[in-house]
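Computed from the coordinates by the stated procedures, all read-outs in this text should not be read as laboratory data. Owing to the predicted nature of the structure, the values given are computational and were not obtained by experimental measurement. Virtual Cβ from ideal backbone geometry, glycine too; neighbours counted across all protein chains shown.
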Amino acid sequence: MSQLLSVRDLKVHFPVGNRGTVHAVDGVDFTIPHGKTLGIVGESGSGKTTTALAIMRLAPITGGEIDLDGTPISRIQGEDLRRARTRFQMVFQDPFSSLNPRDRVGRIIRQPMDLLGLGEPSDRDTRVEELLQQVGLRPELKSLYPHQFSGGQRQRIGLARALATRPELIVFDEPVSALDVAVQAQVLNLIRRLQRESGLTYLFISHDLGVVRHICDEIAVMYLGQIVERAPAAQIFAAPRHPYTQALIAAAPSLAPEHRRRGGGARLQGDPPSPVNLPRGCRFASRCRLAIDECRQVMPKLRECSSGQVVACHLV
Ligand code: SF4
């Protein structure tokens, strides 16, 4: 299957005064085939949101390549980048702050078309109405303000705004974490329906394993700026191999007990090391119940341990 998005050795490093450098994303590789969903999971500070922002060209890229179906989006600038932005859009975490409260919803959804000069200006209001219907809202609601909608409706508006440019890739950053559980299911079903109808490709960032299990074809687990395990979604829940993945699954309250059991007896303890003073060997070693001397000296590389499943651990 051909890849829509290819990310190779992506790095996002930030200097922090004279204290050193934060390695927020540190050599991340993945691909997403056309029409599929890759989920990235991990604790806060793992680098998953920074990875998403780098792909959107909203975080400075220190190294590596991002390719969107032949377009090197990590390298283009100016007008080339502006035109390419029609092809990748983002839905943000918080539907309460990601919509301008002073704008009517119709203007919010129309704005990307105006900014990027898409279609005839006279057709854009009709397109706004179509988009509202596509996300399950009545067209006449375009004259209301964001505060007149519920959280779930606001996230639908965020989706309509993302769809306005007819993108190929949508990056979701924790799109349902601010919503009630019942509303989460409705929004997730909508996201899946839109993918089926339009052949969209998704990158889905979440800390909630229960959510990614339902929506993703493949899952990458990040820890301290690196991917430590990547596998088809069903496989990662049936047979997690990295001790960190096992601990995340064991700790996930939204997973059924049989999935949590597959996480084994692993429990996450302590905090991750500082992203400024990174350990020489495995970055998980200070919290890993299986760590051996080699783990503290040598950083494990991602290796395939079974079909489609890659893991960075000396013991796998
Ligand atoms: Fe644990 Fe060692 Fe594997 Fe790192 S390499 S996850 S410390 S066993």
Checklist line | Prolate/oblate/rounded call for segment 139-217, Cα gyration tensor, a/c under 1.5 rounded | finding: oblate
Notebook entry, point to check: For the pair E79 and R166, how long in nm is the line joining their label points, each one 7 Å along Cα→Cβ?
Noted result: 2.2
Next item on the list: Between T126, T31, T201, find the one with the highest GNM mean-square fluctuation for the chain; connect C-alpha pairs within less than 10 Å.
Entry: T126
Notebook entry, point to check: Using the Karplus equation 6.51 cos²θ - 1.76 cosθ + 1.60 (θ = phi - 60°), what ³J(HN,Hα) coupling, rounded to whole Hz, does each residue of segment 293-307 give in order, writing x for Gly and Pro?
Noted result: 3, 4, 4, 7, 9, 10, 6, x, 9, 5, 9, 6, 10, 7, 3
Next item on the list: Determine Rg/Rh for segment 230-316; Rg is computed over alpha-carbon atoms and Rh is the Kirkwood hydrodynamic estimate from the same atoms.
Entry: 0.98
Check: Helix by helix, which DSSP H runs in the chain go 24 Å or more along their axis at the Cα atoms and have an average Kyte-Doolittle hydropathy of -1.0 or more?
Finding: 181-198
Margin query: Tell me which trypsin sites (Lys or Arg not before Pro) from segment 15-103 have a DSSP coil assignment and no more than 16 other beta carbons within 10 Å of their own.
Written below: R19, R75, R102
Next item on the list: Could you work out which residue, out of G42, G64, G117, moves most in a Gaussian network model of the chain, that is, has the largest mean-square fluctuation with Cα springs under 10 Å?
Entry: G117
Checklist line | Computed label-point distance, nm, for sites H214 and S97 using a 7 Å Cα→Cβ extension | finding: 2.5
Notebook entry, point to check: HN-Hα J couplings of segment 57-68 from phi, Karplus 6.51/-1.76/1.60, θ = phi - 60°, integer Hz, Gly and Pro as x?
Noted result: 6, 10, 10, x, 8, 8, x, x, 10, 10, 10, 10
Next item on the list: Taking every pair of alpha-carbon atoms in the chain, give the share separated by more than 36 Å as a whole percent.
Entry: 20
Check: What nm distance separates the two modelled labels at R138 and R261, each placed 7 Å from Cα along Cα→Cβ?
Finding: 5.0
Notebook entry, point to check: Using the Cα atoms as the points, what is the convex hull volume per residue of segment 160-297 in Å³?
Noted result: 138
Checklist line | Rg and Dmax [Cα atoms of segment 92-158; Å; Rg one decimal, Dmax integer] | finding: 11.3, 32
Checklist line | Sites matching chymotrypsin sites (Phe, Trp or Tyr not before Pro) across segment 58-125 that sit in DSSP coil, with at most 16 neighbouring C-beta atoms within 10 Å | finding: F96
Notebook entry, point to check: Once you charge only the Cβ atoms, +1 for Lys and Arg and -1 for Asp and Glu, what is the size of the charge dipole of segment 1-73 about its Cα centre, to the nearest 20 debye?
Noted result: 180
Notebook entry, point to check: Working out 0.36 nm times the residue gap between Q111 and V181, then minus their Cα-Cα distance, what length gain in nm do you get to one decimal?
Noted result: 22.2 nm
Notebook entry, point to check: How high is the relative contact order of the chain, in percent, with contacts defined as C-alpha pairs under 8 Å that are six or more residues apart?
Noted result: 19
Notebook entry, point to check: In debye to the nearest 20, how big a dipole does segment 3-311 give about its Cα centre with +1 on each Lys and Arg Cβ and -1 on each Asp and Glu Cβ?
Noted result: 400
Next item on the list: Taking only Cα atoms and a 10 Å spring cutoff, compute GNM fluctuations for the chain and point out the largest among C305, C216, C288.
Entry: C305
Next item on the list: State whether segment 7-99 is rounded, prolate or oblate according to the following rule on the C-alpha gyration tensor (a ≥ b ≥ c being the square roots of its eigenvalues): a/c under 1.5 gives rounded; otherwise a/b larger than b/c gives prolate, and the remaining case gives oblate.
Entry: rounded
